[in-house]
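First comes the structure, then the notes that go with it.
The values are calculated or read from the model by the stated rules, or taken from the named source; none is laboratory data. Note that this is a predicted model, so its numbers are computed, not measured. Heads up, the Cβs are rebuilt from the backbone with ideal geometry, glycines too, and the neighbour counts pull from every protein chain shown.
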There are 4 protein chains.
Amino acid sequence: MSEFDELKNEIRAFADARDWEQFHTPKNLSMAIAGEAGELVSEFQWLTAEQSMRSNMSPEKLKDVELEIADVAIYLIRLADILDIDVAEVVRKKIAINESRF
Amino acid sequence: MSEFDELKNEIRAFADARDWEQFHTPKNLSMAIAGEAGELVSEFQWLTAEQSMRSNMSPEKLKDVELEIADVAIYLIRLADILDIDVAEVVRKKIAINESRF
Amino acid sequence: MSEFDELKNEIRAFADARDWEQFHTPKNLSMAIAGEAGELVSEFQWLTAEQSMRSNMSPEKLKDVELEIADVAIYLIRLADILDIDVAEVVRKKIAINESRF
Amino acid sequence: MSEFDELKNEIRAFADARDWEQFHTPKNLSMAIAGEAGELVSEFQWLTAEQSMRSNMSPEKLKDVELEIADVAIYLIRLADILDIDVAEVVRKKIAINESRF
């Protein structure tokens, strides 16, 4: 099983155990992704480009950033699951489109 | 090699070939994720929860949504690469935190 | 009449003339704000801090930024209208909270 | 003086008193707007359209939403100030464009 499928199944099991599927409509999940992306961008908003590098982050800051990246990833994988979309496949499709564009 | 690592390498090769690493600071990539998450949420903004389901989407709409999901995923994988963060690992760490919380 | 109330009324008239009130739920409008904020942030994502200054922007870029600021403002004023919230009042309330905090 | 200009001046005085102008580049402020818009959208993410109406919100929820609207407004007014953009003017310009479009 691919790593994406494993994570997808773990996230699905987590949601099912809490009876959250009712809340996990594509519309709502797109909002959750935007919300978490907002938290991620706010981690960097007052930093310079240099300060945003790993080597210049405190361990606490890095941990916060890691967890924000995880939050975006979790809702993104969940949205793809609900919509029956294969993330790796669409990423490759989009890279191919970008290859022909740039 | 895991699927995440494969995608990470393809995205890195794409950026390197265009000499884009200079633009791909963590700060800038967090902005790109927020921008793409904004495009994703705007796909759903005027739809009801029901209309946002796959079975109620036109093939064109589904394709647009797929490509927006891909865009968020591409920049998220790229940010994790630049920060040397293992996405699957932090997702599992965050699920464990959520397990103890909810 | 205050400037906010004038704009509020113009935006309301625009929406009413198109029978869009049905789409303008607080939930949907919060999504529209996030979507437009995503477009605004993407205007700046590959620029340095210096390049993002007005004096370093082309007239075309400045016009794009102006219209993105307008889009966020329009949906924000519309959301406040639908929720019967006075924007100027809550801005002053929040500044007072911030004064006591920082 | 218009209400926008009054708020602009209060926000500017607040920032100046804390020597924050150095952080308030257009790039950084666009990130702050995206971050606050993310917090605003997350207030509504698990609510139905009906639950998102003022009449169905608790007083605590309404207060949270008010303060998130204020946060987006504050950074938007600040960004417009730094870029020397008149918010009311660009809103009217954008409404006129929309009038001709829809």
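Listed by position, the helices (runs of 4 or more DSSP H) enclosed by chain B that each have at least 1 residues that are among the aromatic types (Phe, Trp, Tyr) and facing chain C (nearest Cβ under 10 Å) are B:26-44, B:59-82. Screening the candidates C:Ile82, C:Ile77 for the property of being closer than 18 Å to D:Gly38 by Cα, crowded, with 16+ Cβ neighbours inside 10 Å and in contact (Cβ under 8 Å) with a residue 12 or more places away in the chain yields one hit, C:Ile77. Only residues that are surrounded by fewer than 22 Cβ atoms within 10 Å (Cβ to Cβ) and under 13 Å from the mean Cα position of the chain (by Cα) were counted in segment C:17-38, giving 0. Considering D:Phe44, D:Phe14, D:Phe102, D:Phe23, the condition of being at pLDDT below 95 and either out of contact with any strand residue (DSSP E or B) (no Cβ under 9 Å at 6 or more places or on another chain) or farther than 30 Å from A:Asp19 by Cα (or both) is satisfied by D:Phe102 alone. Exactly one residue out of B:Val41, B:Val72 is touching a Gly at 6+ places or on another chain (Cβ under 9 Å) and surrounded by 24 or more Cβ atoms within 10 Å (Cβ to Cβ): that is B:Val41.
Scanning segment B:52-61 for residues that are within 16 Å of A:Ala80 (Cα to Cα) and surrounded by fewer than 16 Cβ atoms within 10 Å (Cβ to Cβ) turns up B:Met53, B:Arg54, B:Ser55, B:Asn56, B:Pro59. The condition of being of a type outside the set (Asp, Glu), modelled with pLDDT of 95 or more, within 26 Å of B:Ser2 (Cα to Cα) and within 15 Å of the chain's Cα centre (by Cα) holds for A:Leu7. When B:Asp5 is tested against (1) in contact with a Lys or Arg (Cβ under 9 Å, 6 or more places away or on another chain); (2) surrounded by fewer than 23 Cβ atoms within 10 Å (Cβ to Cβ), exactly one condition is not met: (1).
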